[in-house]
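The next block holds one structure in the form of structure tokens; read it before the comments.
The values are calculated or read from the model by the stated rules, or taken from the named source; none is laboratory data. These numbers come from a predicted model, not from an experiment. For the accessible areas, the whole protein counts, side chains as well, though only heavy atoms, and no ligand, DNA or RNA atoms are used. Shrake-Rupley method; radii C 1.70, N 1.55, O 1.52, S 1.80 Å.
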Amino acid sequence: DVIISEIADPGDEAGNGRFIELFNASSSSVDLAAGNWNLVYYSNANTNGTDIALTGTIPAGGTYVIGESESFSTVYPS
């Protein structure tokens, strides 16, 4: 019931605006840590992915955004 609802890969130089949004389409919250949820992403021609362990909860009908925490609010200030 959790789907990737958006992938953003804007053309900024450092890729600081990249993010992935997950959407919980179910009627129950999803505890990501309890389910050992991970996101593995590959960039460019890399054959080895980067594994990110997900924590927190996605409420029913809610979203969860994964991005560069240090620069996300600068790229998307509002």
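Tabulated data for the structure shown
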| item | result |
| --- | --- |
| Gain on full stretching of the segment that runs from Glu21 to Thr55 - 0.36 nm per residue minus C-alpha separation | 10.8 nm |
| Surface share of carbon and sulfur [accessible, 1.4 angstrom probe, percent] for the chain | 47 percent |
| Convex hull of Cα atoms in the chain, direction-averaged projection (nm²) | 6.0 nm² |
| Solvent-accessible area per residue for the chain (1.4 angstrom probe, square angstrom) | 69 Å² |
| Compactness relative to 2.2 N^0.38 Å, alpha carbon Rg of the range 35-78 | 1.43 |
| Long-range amide H partners of Leu54 with built H, under 5 Å | Trp37, Asn38, Leu39 |
